[in-house]
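S.K.: Quick one: structure below, then a few questions.
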Amino acid sequence: MSAARRTTAPGSTAGDAPSRRGPLSNAPLGEQPKDLQPERPLATPDRTLHMVGNAHLDPVWLWPWQEGYQEARATFWSVIHRMEEYPDFIFTCDQIVLLSWVEESDPKLFAKIQERVREGRWQMVGGWWVEPDCNMPSGESFVRQGLYGQRYLAEKFGVTADVGMNVDPFGHNVMLPQILRGQGMDSYVFLRPGPHESELDATAFWWESPDGSRVLGYRIPYEYGSPPGQVDGQTDKSLGQADRGLGDLMVFYGVGNHGGGPTRANIESIYRYDRMGSFGRLSMSSPRRYFDALAAAKGPEGMAELPVWREDLQHHAAGCYSAHSGIKAWQRRAQAKVLSAERWAALGALWQGMDHPRDELARAWKEVLFNQFHDVLPGSAIEPAYDDARDQLGEAISISQRIITRVQNVLAGQLEIPQDEGTQPVVVFNPHPWPVTTQVELQYGAQQGGVHVVDGDGRQTASQRIQPVATTNDKGRAAQAFQAEVPALGYRLYRLRGGAAPEDLAWSGEAPGPLHATTAVLENDFLRVEVDPRTGWLSSLLDKRSGADLVAGAPGEHLQVCEDPTDTWGHRVVSYAWPGEPMSTTRVVLREAGPLRARLRVEREWGRSTMVEELVLGHASDQLEVRVTLDWRERSHLLKMRFPTALEQPTATYEVPFGSIERPVDGAEEPAQSWVDLTGTLPGRDADATAGLAVVTETKHGYDVSPADERSGASIGVTAVRSPVYSWHDPRLLDPDGIYAYQDQGIQSFRYLVVPHAGDWRAAGLTRRAAVLESPVRAMLESFHAGPLPDALSCASDGDGQVMITAVKASEDDVDVGLGDGDGGDAGEGQARQDLVVRAVETTGRPARARLELPVVGRTLETDFGPSQIRTFRVPRDVARPVVEVDLVEWELADGPRGDLEITELGTGPFERGAVLAPSKGRWSTRAEQQSGRDQSTDRDASDTLDQAERNAPGQRERR
C-alpha cells in the first residue's frame, strides 16, 4: 500500500503510528488496486450481465452536424485511449457516417480503429449509414442504408454487421426484419417503444415480417447510455425493466447523445460490481456475444419458445410524424428524384454506353440517408439544422436532375423526328416500370391561334390551354395541358400543332367523354363529385362504376383547427383526432372547364391563416386530385384534413415501407408512407358489396382513422400541419413572455388524391398512384432530326400487377468486359461495365407469379413472390452470363439460388449494341454513320424549333 493510500485511525493524532488496513473486501466507492482478482461471493445472482460499451452520438440534434462531425473524432479517440488502458474493454459502434467522417478528417485515428476491429475489440453493428427514423423513409431508402453501410464496412474493415441496431428511433415498421435479413443481419437491438408504451412485454423475442422473415429482437432495458460515473444506477434500472426470466441480459453503458462513450469511472465500476457480485457476473461484451451466448444457453427448443411479434414496434413521439412539414417534403422529393436518376443512369450506361455516374449517385443517396436521421426527419432538431437539411437534400435533387436531363437529352436526340412545319416535338419520359396515363403540363413558345396535341402518328390526344407560369406581357410563352400515355420506363413522342384540332382528326385512344363542371358539380364517366358551397368540401362522391356514394349523408367537417400545446415530439400524445373549428370558406371559383379536365378552386381562412384547395378532375380519371396551398400563421396549433365517409364496419389499412398493415379504427395517430385506406359497407347496399375510400398524399406522414360518432362519419384524418416550438421537450413549460421560433410558419404546397373504389384497397393500385404522384413524368421540348429510335419505347416493365419493380439500377460491382464476350464488342478488353439490378416487391400481401420484362438487356424473368416478399436480381447484358438473385447489398444469396426463376431471352431490337450512339464531333451518330462517313444531321432550317414561334410572335426574332 503506498503512503498516499494510508489513513489515520479515528481518534489518533498526527504523531501516532499509522493504522493498519485489512484486505479490501466490498468497495462501492473509491479507487481499487489494479491487481484485485474477482472473488465473487457464492450468493452472487446466477446470471451474466453483458455490459455493452457504446457511445450513442446524434450527429444532429440540439447542435448542427458540424459539431457532430467534431464530436465523432473526439469520442472515437476517447474509445481508443480506453482500449489502451483496459485490455478487455470492448466497444460497440454503429452509424457508418461517423466512421466516414473520421476517415476523411483523421487518418491516424482511422488506422487505429481498423487495428482494433481486426482484434475484435471494436465491434461493428447496425450496418446502416445512420440510425434513421424507422417509419417515414421509403423501402428503397432502408435498402440503401444497408447497401452503403455494409459495403463501407466490408471495404474499409473487412467485416460486415450481423446485428441490426437502432437504439434511439421512435418506432419501427414491420417490414424491417425482412430488410435486415436481406442485408445479412439476424438480430435487432432497439430501445423504443418501452414496456410502458407497447403491449410487447418481452425483452428478447422473435420479430417477424409478413413474408415470414425473422430476426431476434432485443429491447434495451431502461437506456442505451449512462452517466459518466458508476454504472450501478444504470444496472439497477435496467434490471427493473428487463424480463428477469430471460436469465442473462445486456446492459448498455457509456455517455451518449452528444457522444463521449465509456469513461474510466464506468469501466472501473464494472470491475468493482463484478467482484462484489452485486448484480451477477458482469462481462465486457457486445450484442453478438450476447446473442450467441443466449442461443447456446437456451438451445434450439428454448429459442423456439421465445414470443413472436408480428406487428410494428410502436408508439413513441407520435407528433414526429407531422412535425416540420418542410423536411418531410424535401425528403420525399429527394428520394423520388434519386431513384429516378438511378434508373435513367442505368439505361444510359447499359444501353447507350455512357459513363455511369456512380459517385454522383452515391453522394446524392448519402445526403438523403443522412437526413433520414431520427432527429432530423422527425422534425425534432434545432431550427438551424433544417437550413443544412434543405441545402443537403437540395444538392441530392440537383445531382439527380442533372443526371436525368443528361440521359434524357441523349435519348431524345436519337429519335426519328421528321420535320413537320408548324409543329413542336415534345418527348414525354416515364420513370416508372409500368405504363402511365397522366396529365402533362407544358410551358412552350406560344402560337397565337393556340395549339392541339397529337402523338407520333398524328392522332389527337385530349388537351386544353392553361395559365402559363410566366406572368408578363410577353406573348412568347403559353402553357398547354394534355393527356399522355407513356410506355413503362420509357418515352413517347408528341407534337404541338398550331390551331384547334380538325373535327375529323383521329384519336390516339378513346375520345374524351363528357366532362361536366360547375361550382357545385364535377362529373365524368367515372365519378360525380358534388361540392357543398358552404364548406367547400364534398357532399357526394359517387363512383359510377359500382354505384357507391362514399360520402353522401356523412356528417363532419373537412378541416379542423385545434390548439396544440404539446411539445415538438408529441410526447404522450395518443391522438390528434380532436374536434376543432372549421376554416371558413370565402370563395369558390371554377378555374378550368375544358375537354381535358375541370379545376375548382376553394379558398378558406382561419385566424391569420389561409388555405386554397384546387379540386382537379380529369375527363377519364377515377380519382380526384387536390392541390393545396396553405399559408399557416398559427402558433401551437394544428390543422387536420378530415375525410368523413358513409362507410360502416370499416377496416383501416396503412402503407408502410415495402408493404401495408391493418390497424384499428380508433383515432390513434399513426405513421404511413403515402396512403391510408378505409374500406367497409354502405347503408342500403348488400353487406358483401364492400367499397372504400383511400387518401394518397405527396408529403404527409401523420394519419388517423377514426370511428363514426355524432359529429362525423368514419373518417381518415391527415395531420396537415403542426406548429410547436423547435426542439421543445416536455415537461418543460414555455415562458409566456419568452421568445421562441415556431415550426411551419408560412407557405407550403402539396397534393393529395381522393380515390374511391369497389372491393378492398388492393384493386385501387394505391402504391402505384402514390409513386406517380411523387415522381411525375417529364416532358421536354425537342427539335427535328434523324435517328435510329422509334417514337415510343419501353425499357423495363413489371406488368402493372401485384408485383411492383421498385429499383432499376446499375450494379454496385463492376463487371470486366472483354472483346468477343457477347456484349457487342463495344467495350475494350478489361473495360469495367455494370450489370442491371432489378428489385421488386409483392404489394398486396398475397402470393403472386410475376413477369418482369427487361428488353433493355434482352431478358424476361418469371418467378414467384410470397406475400410482401422483396427479391433482387442482377441481370447481365451479356446473355451468355446467368441472371443471379442477390441480397439487398447486391451479394449472392448466402443460402444459394432459388429454383423458381425462369428466364426468356428476347431480341433487343432498338437496344442492340450496334444501335448505340457514341460521341462524334460534338453530336451523337450511329456507328454505321461513323464508319461510312455519312452524317445525317438536318440543316438549321429543318431543326430550328423556334422558327414557327418566331413567326407567330412578332418581335421574338429581334429579342433573340
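S.K.: Can you name the condition, by its number, that GLU103 falls short on among (1) under 19 Å from ALA55 (Cβ atoms); (2) touching a Pro at 6+ places or on another chain (Cβ under 7 Å); (3) charged (D, E, K, R)?
M.R.: Among (1) under 19 Å from ALA55 (Cβ atoms); (2) touching a Pro at 6+ places or on another chain (Cβ under 7 Å); (3) charged (D, E, K, R), GLU103 violates only (2).
S.K.: Within segment 440-461, identify whether any single residue is under 24 Å from LEU766 (Cα atoms), surrounded by fewer than 17 Cβ atoms within 10 Å (Cβ to Cβ), out of contact with any Leu (no Cβ under 8 Å at 6 or more places or on another chain) and not β-branched (Val, Ile, Thr), and answer yes or no. So that I can check it myself, show each step before the final result.
M.R.: Going residue by residue through segment 440-461, those that are under 24 Å from LEU766 (Cα atoms) are 440-441.
Adding the requirement that they be surrounded by fewer than 17 Cβ atoms within 10 Å (Cβ to Cβ) leaves 441.
Of the ones still in play, those that are also out of contact with any Leu (no Cβ under 8 Å at 6 or more places or on another chain) are 441.
When the remaining residues are screened for being not β-branched (Val, Ile, Thr), the result is 441.
The answer is yes; a qualifying residue exists.
S.K.: Next question. Within segment 491-502, is there a residue that is closer than 25 Å to ARG769 by Cα and in contact with a Gly (Cβ under 6 Å, 6 or more places away or on another chain)?
M.R.: Let us first name the residues in segment 491-502 that are closer than 25 Å to ARG769 by Cα, namely 491-494.
With in contact with a Gly (Cβ under 6 Å, 6 or more places away or on another chain) added as a condition, the list becomes 493.
Scanning segment 491-502 turns up at least one residue that is closer than 25 Å to ARG769 by Cα and in contact with a Gly (Cβ under 6 Å, 6 or more places away or on another chain).
S.K.: Restricting to segment 64-92, name every residue that is crowded, with 18+ Cβ neighbours inside 10 Å and over 30 Å from PRO33 (Cα atoms).
M.R.: Answer for segment 64-92, where residues must be crowded, with 18+ Cβ neighbours inside 10 Å and over 30 Å from PRO33 (Cα atoms): TRP65, GLY68, GLU71, ALA72.
S.K.: Is there any pair with a first residue in segment 66-81 that is in the same structural domain as GLY254 (by TED's automatic domain parsing) and a second that is crowded, with 23+ Cβ neighbours inside 10 Å and among the acidic types (Asp, Glu) whose Cβ atoms are under 8 Å apart and which are 6 or more apart or on different chains, and what are they?
M.R.: Pairs that qualify, where the first residue is in the same structural domain as GLY254 (by TED's automatic domain parsing) and the partner is crowded, with 23+ Cβ neighbours inside 10 Å and among the acidic types (Asp, Glu), are GLY68/ASP58.
S.K.: Considering segment 560-581 alone, what residues qualify as being crowded, with 16+ Cβ neighbours inside 10 Å and of a type in the set (Phe, Trp, Tyr)?
M.R.: Within segment 560-581, TRP569, TYR576 qualify.
S.K.: Then there is this: Taking into account only those residues within segment 144-186 that are touching a helix residue (DSSP H, G or I) at 6+ places or on another chain (Cβ under 6 Å) and surrounded by fewer than 21 Cβ atoms within 10 Å (Cβ to Cβ), which is nearest to GLU115 (Cα to Cα)?
M.R.: Looking only at segment 144-186, we keep the residues that are touching a helix residue (DSSP H, G or I) at 6+ places or on another chain (Cβ under 6 Å), and these are 144-145, 149, 152, 157, 159-160, 163-164, 170, 179, 183.
Imposing the further condition that a residue be surrounded by fewer than 21 Cβ atoms within 10 Å (Cβ to Cβ) reduces the set to 152, 157, 159-160.
Numbers: TYR152: 16, PHE157: 9, VAL159: 12, THR160: 15 Å.
The extreme case among them is PHE157.
S.K.: Would you please name the residue that is modelled with the lowest pLDDT, looking only at residues in segment 605-633 that are surrounded by fewer than 21 Cβ atoms within 10 Å (Cβ to Cβ) and over 28 Å from the mean Cα position of the chain (by Cα)?
M.R.: Checking each candidate, the answer is ALA620.
S.K.: Would you pick out the residues in segment 459-484 that are free of Cβ contacts under 8 Å to residues at least 40 places away in the same chain and not in a strand (DSSP E or B)? Spell out how you get there, then give the answer.
M.R.: Taking segment 459-484 as the starting set, the residues that turn out to be free of Cβ contacts under 8 Å to residues at least 40 places away in the same chain are 467-474, 477-480.
Result: GLN467, PRO468, VAL469, ALA470, THR471, THR472, ASN473, ASP474.
S.K.: Take segment 717-728 and flag every residue that is surrounded by fewer than 24 Cβ atoms within 10 Å (Cβ to Cβ) and within 19 Å of VAL561 (Cα to Cα).
M.R.: Within segment 717-728, the subset surrounded by fewer than 24 Cβ atoms within 10 Å (Cβ to Cβ) is 718, 723, 725-728.
Within segment 717-728, VAL718, SER723, VAL725 qualify.
S.K.: Right, something else. Looking only at segment 130-139, decide whether some residue is in a helix (DSSP H, G or I), closer than 25 Å to ILE90 by Cα and not small (Gly, Ala, Ser).
M.R.: No - not one qualifying residue is present in segment 130-139.
S.K.: Would you pick out the residues in segment 412-433 that are out of contact with any strand residue (DSSP E or B) (no Cβ under 6 Å at 6 or more places or on another chain) and either crowded, with 22+ Cβ neighbours inside 10 Å or of a type outside the set (Asp, Glu) (or both)? Give the steps one after another, and end with the answer.
M.R.: So the first thing to find is which residues in segment 412-433 are out of contact with any strand residue (DSSP E or B) (no Cβ under 6 Å at 6 or more places or on another chain), and the list is 416, 418-421, 431-432.
Scanning segment 412-433 gives PRO418, GLN419, PRO431, HIS432.
S.K.: Tally the residues that are in a loop (DSSP other than H, G, I, E, B) and under 28 Å from GLY68 (Cα atoms), restricting the search to segment 208-258. Can you show your working first?
M.R.: In the first step, residues of segment 208-258 are kept if they are in a loop (DSSP other than H, G, I, E, B); the result is 209-213, 220-231, 242-243, 247-248, 254, 256.
Adding the requirement that they be under 28 Å from GLY68 (Cα atoms) leaves 220-231, 254, 256.
Looking only at that region, the number is 14.
S.K.: Among what's in segment 225-237 and is touching a strand residue (DSSP E or B) at 6+ places or on another chain (Cβ under 9 Å) and surrounded by 20 or more Cβ atoms within 10 Å (Cβ to Cβ), pick the residue that is nearest to PRO28 (Cα to Cα).
M.R.: Taking segment 225-237 as the starting set, the residues that turn out to be touching a strand residue (DSSP E or B) at 6+ places or on another chain (Cβ under 9 Å) are 225-228, 231, 234-235.
In the following step, the residues that additionally are surrounded by 20 or more Cβ atoms within 10 Å (Cβ to Cβ) were identified as 225-226, 231, 234-235.
Numbers: GLY225: 21, SER226: 18, VAL231: 11, GLN234: 15, THR235: 14 Å.
Restricting to residues being touching a strand residue (DSSP E or B) at 6+ places or on another chain (Cβ under 9 Å) and surrounded by 20 or more Cβ atoms within 10 Å (Cβ to Cβ), the top hit is VAL231.
S.K.: Condition test on ALA501, is it out of contact with any Ser or Thr (no Cβ under 9 Å at 6 or more places or on another chain), within 18 Å of VAL451 (Cα to Cα) and outside the structural domain of ARG597 (by TED's automatic domain parsing)? Even if it seems obvious, please write down each step before you answer.
M.R.: Values: out of contact with any Ser or Thr (no Cβ under 9 Å at 6 or more places or on another chain): no; within 18 Å of VAL451 (Cα to Cα): yes; outside the structural domain of ARG597 (by TED's automatic domain parsing): yes.
Spelling it out, it is not the case that ALA501 is out of contact with any Ser or Thr (no Cβ under 9 Å at 6 or more places or on another chain), within 18 Å of VAL451 (Cα to Cα) and outside the structural domain of ARG597 (by TED's automatic domain parsing).
S.K.: Among what's in segment 515-549 and is closer than 23 Å to PRO595 by Cα and charged (D, E, K, R), pick the residue that is surrounded by the fewest Cβ atoms within 10 Å (Cβ to Cβ).
M.R.: So the residue we want is ARG545.
S.K.: Assess whether VAL616 counts as being closer than 22 Å to PRO644 by Cα and part of a strand (DSSP E or B). Even if it seems obvious, please write down each step before you answer.
M.R.: Values: closer than 22 Å to PRO644 by Cα: yes; part of a strand (DSSP E or B): yes.
So VAL616 fits the description; yes.
S.K.: Select from segment 98-124 the residues that are touching a helix residue (DSSP H, G or I) at 6+ places or on another chain (Cβ under 6 Å) and aliphatic (A, V, I, L, M) and write down the one among them that is surrounded by the most Cβ atoms within 10 Å (Cβ to Cβ).
M.R.: The extreme case among them is MET124.
S.K.: In segment 138-162, how many are over 21 Å from GLY217 (Cα atoms) and not charged (D, E, K, R)?
M.R.: Filtering segment 138-162 for residues over 21 Å from GLY217 (Cα atoms) gives 138, 140-141, 144, 147-148, 151-159.
The next check asks that each one be not charged (D, E, K, R); those that pass are 138, 141, 147-148, 152-154, 157-159.
The number of residues fulfilling the criteria is 10.
S.K.: I've got another one for you. Of the residues PRO731, PRO756, PRO776, PRO790, which is under 27 Å from the mean Cα position of the chain (by Cα) and surrounded by fewer than 20 Cβ atoms within 10 Å (Cβ to Cβ)? Outline the logic, then answer.
M.R.: On the way: PRO731 fails: under 27 Å from the mean Cα position of the chain (by Cα); PRO756 fails: surrounded by fewer than 20 Cβ atoms within 10 Å (Cβ to Cβ); PRO790 fails: under 27 Å from the mean Cα position of the chain (by Cα).
Answer to the check: PRO776.
S.K.: Can I ask one more? Across segment 878-901, what is the number of residues that are under 21 Å from THR806 (Cβ atoms) and at pLDDT 90 or above?
M.R.: 12
S.K.: Select from segment 318-361 the residues that are surrounded by fewer than 24 Cβ atoms within 10 Å (Cβ to Cβ), touching a residue at least 12 places away in the same chain (Cβ under 8 Å) and of a type in the set (Asp, Glu) and list them in ascending order.
M.R.: Within segment 318-361, just GLU360 meets the criteria.
S.K.: Now a separate question. Would you check which residues across segment 485-526 are among the aliphatic types (A, V, I, L, M), over 15 Å from VAL440 (Cβ atoms), touching a residue at least 12 places away in the same chain (Cβ under 8 Å) and assigned to a strand (DSSP E or B) and list them?
M.R.: Of everything in segment 485-526, those that are among the aliphatic types (A, V, I, L, M), over 15 Å from VAL440 (Cβ atoms), touching a residue at least 12 places away in the same chain (Cβ under 8 Å) and assigned to a strand (DSSP E or B) turn out to be ALA517, LEU522.
S.K.: A follow-up question, please. Within segment 645-742, considering only strands (runs of 3 or more DSSP E) that don't extend past its boundaries, which have at least 1 residues that are closer than 24 Å to LEU542 by Cβ and either in contact with a helix residue (DSSP H, G or I) (Cβ under 6 Å, 6 or more places away or on another chain) or at pLDDT below 95 (or both)?
M.R.: On the way: elements: 648-656, 659-663, 675-681, 691-697, 702-706, 715-722.
The qualifying strands (runs of 3 or more DSSP E) are 648-656, 675-681, 691-697.
The values are calculated or read from the model by the stated rules, or taken from the named source; none is laboratory data. Every value quoted in this text rests on a predicted model; they were computed, and no experiment measured them. FYI the Cβ positions are ideal-geometry reconstructions off the backbone, even for glycines, and counts take in every protein chain you see.
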